[in-house]
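Contents: one structure, followed by commentary.
Just so you know, all these numbers are worked out from the coordinates, no wet-lab data involved. Only a predicted model underlies this, so the values are computations on that prediction, with no experimental measurement involved. Glycine gets a Cβ as well: all are built from the backbone with ideal geometry, and neighbour counts include every protein chain shown.
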Amino acid sequence: MALQAMNLRVNLLSEPLGIDSPEPEFSWQLLSDRSSVLQSAYEIQVSSEQFTATTKLIWNSGVIISAFPWSTQYTGSPLASCSRYFWRVRLYDHSGNSGSWSQNSWFETAFLIGSSELSAHWVTRKPIPKQSEDRDVLYFRHKVDVPDKILRARLYATSLGWYKFFINGVNIVGRQQVPRWTPFHHSVEYQVYDVTISMREGHNILGAIVADGHFRGENGGLGHRNCYGNQLAFFCLLVIELQTGEHISCSTDESWTVSTGHIVRSDPKAGEVADFTISSDWEHVGDNASKKRSWEAIEVLQQPTMNLIAEETGRVDEIRRLPAKKSWWSSSGKNLIDFGQNFSGYVRIKLHGKRGDKASLTYSEVLTPDGELDIDYIEPVGKGQPQRDEVILSGSDCDFFEPMFSTHGFRYLEIIGIEELVPLSDVEGVVVSSQLGSITEFKCSDSRLERLYENTVWSFLSNFTDTPTDCPTRERSGWTGDLQIFSATAVLMASDVQSFLRRYLRNLSTEQWADGRIPPFIPSGDSEFSGVSFLSKLTASSVGWGDVSVLLPWLMYEHFGDTAILERQYTSMKLWVRFLEDTAKKNRSWTRWLWGCSKDIEQYIVDTRFHWGEWLRPGETGLLPMLGNLFLWPNAAVPTAYLAESSRILSKAAELLGYIEDARYFKDLALSARAAWGTAFVREGGSRIGYDKQDDYVRAIKFGMLSEREKQAAVDRLVELVEKANHHLGTGFLSTGDLVPILCEAGRVDTAFSLLLQNSSPSWLHAVERGATTIWESWEGYTPDGKASLSHNHYALGAISGWLISGLVGLRAETSGWRHILIAPQTGGSIAHAQGAIEIPFGKLACSWRHETGGSTTQWKMSRQVQPHAQMVRHVDWSGFGLVKTGAPDVECLRRQFLRDITEE
């Protein structure tokens, strides 16, 4: 088979319906029956019509010499807004032979950046004097007549809040949560829908329901409301092209009307209240038995100042359903339901009862020791805000309920107000997440490690909803530190995470302060309406958190070959490093004033401002380290190390982008910070570093802060500390995911696997053996008296799962974008076999290995799959197999067979 292009993408999306970039980016993957066939060049054609022999092209790229099937930017004639374009690509192999043109693909523009064509009004309800806060869900309605048959219809819609849109009573948004959470005071995403088959000739009723969403709903651990405003609003433009060639436009304006309906109140976190005694019919919405509510005139908002931007990544949507596993009465008489899996989503349930009966649905991840639903654990201090939906029944045969604008993090459901036990067939869980593509496969001989990996996947899916969050229960905040430490695992775990991370970084650069500081979570919830929170003011300076601005773009370059993200984020990266540099030069902690410090190094020591530090080491609570870092004894070892590392990475990015002077400057800064750090924090030739914690040595080795002699001493001391802790980890938030990889790379595989397979706390397998189905925020998960503590669905400590793929299975990139790969399984412990398969920019990469022992012989068997990505030089590292005690001949035989398989392709 000749080399072919498959999985064609525009702006990383498959056949996107609405993009606003005037110079879209093309990418594809490779297909061939021989993985040794290499791409050497390609040619792209773009047209405004389907390709035929006489098609007029608007762009022909010509033959472009490149081995990379990504990041090709459109350079043809200017594109038009709201138009469909078709494109195809033809590939040339390493011998210069061209394949046939790919199958045709398409993309559609929305309103291109700089266009002023998206014209409509923001509409809302007239303010109603109330003693309490306005929490009503708003229903908007409009009638439109279509005089002839429709050729094409597009809806461009968004809201301040979450919305659903209905055409003739049919919900065209489905279960998707839109718009995505952005810094709403700056920008709001709009969505594009093909509504051609939804519209009809003649009379049509358009309707929209708008609820709080992240705009007005509870955000963060303290449940702050009205972060961006206190008035919900809706915005849309419907463009209809008739078969006669005539165009009809319908936009939100003074002719729309507004009311309330059967969804009375809905908060994305706290829950939804639905009253089924109120009609949901769009002709009569707002009517009930006791009172008639008429449709009222809307109010047009003064034009908000935020930008309207098109979507850049997939929406939050249903990804699967979970059947209920068990339904029973608790000892207190409450109906409890167990789904057998902790997840983020909601329930679909049939409820039976009399008219006016109220059913209360409360959600939690855990039960109390007495077998009741536990909600007190959710908040670290005091009682938690329950995740609760309430339903007022209509009295019909049954009411079918699923929240429209609220999701929860839970495994267990508690039902109050329904007399009969709800049967399992009447309830199911709906799992929601962002559209992240296929999930990496992992299997091995130890079922506990398989469960650890599955738990990480579930926490990943639960928290990669809309924006990367810490947990789906308490906060749902996009903590920068969580993503910084987990991102290397995230890029291995799902095939379509690149666009998701690009959007996060766009939000980050939008919210970065002018002096370079970065709020502790993105989006921050700060705005001109609500002001800047005390937490942001205090913690926006923290290293390890703010460094996501530098480390994540570089990781995306290394994994995806994404130079565009480096160019786009370069200013943000530079701002953060400059901030750390200024902090070191212009500020001195009381410890430096007291003890003195050489002027040559003090200007590179970061020991002021707030830093989270090595957050939540085993046995440490959060409060005391916070106070210590802020007031008592600032830990300069961690911040200074991050100054050196982020400066080093920034220098490499600058060099890659051609900013030569910057590259030199930040390389010198990195070397100076490294030298200052070594002078201040390395003692006894590397056998004592910082505060002599495990993480001090992990960080020093990972960041390359030590000489070879010091590195060996540091490794020896790290092993000593692990053994002193009876082979338990002692690292905190920033370093836990690197502990096992660092030990393996240093040749201490025995110690690494003793940590990996440890099953008493603190360890990864402790939670697994206690029945966890997601990753816990703390190592223990429960207090000594059996009560749950902290979140039970945090992905951060699951960062080790990335190493299960890159280390245990052995799939690694040697150069950016996986142009060169390294297949290097790391064997050890009692693991007898492992396998995994990941999606990389070229396609699928898989590897499996098995260690079989029979009688007096030991055999290693290994296979790999490098398909369909042909663009790689394969290199196999057998160092992991050098540990086989039965001798080298078996290993050498395996090596020869493996390389022969590659050669004979």
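Observations
- Radius of gyration and Dmax over the Cα atoms of segment 701-842, both given in Å: 16.4, 53
- Label point distance in nm, residue 294-residue 56, each placed 7 Å from Cα along Cα→Cβ: 5.5
- Computed [θ] at 222 nm, deg cm²/dmol, the chain (DSSP H ≥ 4; -39,500 (n - 2.57); rounded to nearest 500): -7500 deg cm²/dmol
- Whether segment 496-686 is rounded, prolate or oblate, judged on the alpha carbon gyration tensor where a/c under 1.5 counts as rounded: oblate
- Computed over segment 318-434, the ratio Rg/Rh where both radii use C-alpha atoms and Rh is Kirkwood: 0.95
- Taking only Cα atoms of segment 1-158, radius of gyration then Dmax in Å: 22.0, 77
- Nearest-0.05 FRET efficiency for residue 325 and residue 376, computed from C-beta distance (R0 25 Å): 0.55
- Peptides 147-157, 526-536, 426-436 ordered by average Cβ neighbours within 10 Å, highest first: 426-436, 147-157, 526-536
- Label-point gap, in nm, between residue 149 and residue 599 - each point 7 angstrom along Cα→Cβ: 8.7
- Sparsely packed GluC sites (Glu not before Pro) within segment 705-762, loop by DSSP, other Cβ within 10 Å at most 14: none
- Kirkwood Rh, angstrom, segment 450-520 [1 / mean 1/r, Cα pairs]: 13.0
- Unsatisfied cross-links (Cα-Cα over 29 Å) in the set 164/787; 269/350; 164/326: 164/787; 164/326
- Calculated FRET efficiency for the pair residue 514/residue 660, C-beta based, R₀ 22 Å, to 0.05: 0.25
- For residue 15 and residue 668, the difference between the fully extended length at 0.36 nm per residue and the C-alpha to C-alpha distance is 230.6 nm.
- For a modelled paramagnetic label at residue 759, 7 Å from Cα along Cα-to-Cβ, the residues of segment 705-744 in reach, with backbone nitrogen under 20 Å, are 726-729.
- Semi-axis lengths (Å, descending) of the ellipsoid that matches the C-alpha gyration tensor of the chain: 45, 35, 29
- At R0 = 56 Å, FRET efficiency that the Cβ-Cβ distance of residue 246 and residue 222 yields, to 0.05: 0.55
- Net lengthening on full extension, residue 230/residue 400 (0.36 nm per residue, minus Cα-Cα): 58.1 nm
- Kyte-Doolittle mean at least 0.0, axial Cα span of 27 Å or more - DSSP H helices of the chain: 637-657, 660-681
- Distance histogram for segment 158-292 (every C-alpha pair counted, 10 angstrom bins, percent rounded to whole numbers): 10, 37, 34, 15, 3, 0
- Under 12 Å from residue 443, Cα to Cα: aspartates and glutamates that are on another chain or at least 8 residues apart: 454
- Those lysines that a straight Cα-Cα span of less than 23 Å connects to residue 599, excepting residues fewer than 8 apart in one chain: 585, 586, 667
- Taking other C-beta atoms within 10 angstrom as a stand-in for reagent exposure, 398, 82 fall in the order 398, 82, fewest first.
- Theoretical gain in end-to-end length, residue 652 to residue 439 [0.36 nm per residue, Cα-Cα removed]: 73.6 nm
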